[in-house]
Amino acid sequence: MDRNEIKHLRIKQLAVVNGAMITVLLLFSAIIRFAPGSFAYFTLAFAILSFIYAVVALVKKDSPKSIIPLFEKVAAYEREKLGDGWYKQRKAVIVCYFIIGCNLLASSFSSWNNSSIENIQPDTFFMGVISILTLGMVNLLMLFHNRKIDHSTKEDLKGYTWKSTLIAAAVGIAVVTLLIVFTIHYIFSGI
């Protein structure tokens, strides 16, 4: 692929990922806001989707095939650039989806009969801040990842998968910590 084709591919990838994330965040906000008592069902549904994605990725093994042709092109391009690192990266993503699924499942079961969690009605400001932080984190990580892959040779990318997984984990922990601190501060400042 030439530089222009890669640039257009990355722009489309960012647009599709952001569109999907905004849709999910709006859906999440609407369900929490307008369907009281649905938190446990919602987190259970996301846990099941997370497990399905991980199982499908396991079944596909090393194939870059995807329901969305754009993601198939991106995966084929990155597999060519990363070589063995691409397979390691896929395994790390599968493990992450299993961990996310387990956390969501635990959250769903813990809130099943908990009326204090079921009656949570977060306001628009809170949901907006959480959504902006989530979108910002995902976009920032994706831009760094895309830039590194697009501007590096195969030799430069040796060990990249391990480093990028550690960086993503560190950023994830930092963002979750920030979200927890923000949530606690927001709850206690509103009392």
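The values are calculated or read from the model by the stated rules, or taken from the named source; none is laboratory data. These numbers were taken from a predicted model, which means no experiment stands behind them. Virtual Cβ from ideal backbone geometry, glycine too; neighbours counted across all protein chains shown. All accessible areas refer to the heavy atoms of the entire protein, side chains included, with ligands and DNA or RNA removed. Shrake-Rupley method; radii C 1.70, N 1.55, O 1.52, S 1.80 Å.
General remarks:
- Test: residue in the stretch 87-98 that is open to solvent by less than 70 Å² (accessible area, probe 1.4 Å) and more than 28 Å from LYS158 (Cβ to Cβ): no
- Filtered residue count, the stretch 122-161, keeping only those that are within 25 Å of LEU82 (Cβ to Cβ) and in a loop (DSSP other than H, G, I, E, B): 9
- Given (1) surrounded by 12 or more Cβ atoms within 10 Å (Cβ to Cβ); (2) modelled with pLDDT of 85 or more, number of the condition HIS151 does not satisfy: (1)
- Scanning the stretch 46-86 for residues that are of a type in the set (A, V, I, L, M), open to solvent by 30 Å² or more (accessible area, probe 1.4 Å) and within 14 Å of the chain's Cα centre (by Cα) gives a single hit, LEU49.
- TYR41 passes every criterion in (1) without any contact (Cβ under 8 Å) to a residue 24 or more places away in the chain; (2) open to solvent by 80 Å² or more (accessible area, probe 1.4 Å) apart from (1).
- When THR161, THR165, THR124, THR183 are checked against the criterion of being surrounded by 14 or more Cβ atoms within 10 Å (Cβ to Cβ) and at pLDDT below 75, THR183 stands alone in meeting it.
- Test: residue in the stretch 4-24 that is open to solvent by 30 Å² or more (accessible area, probe 1.4 Å), modelled with pLDDT under 80 and farther than 17 Å from HIS145 by Cβ: no
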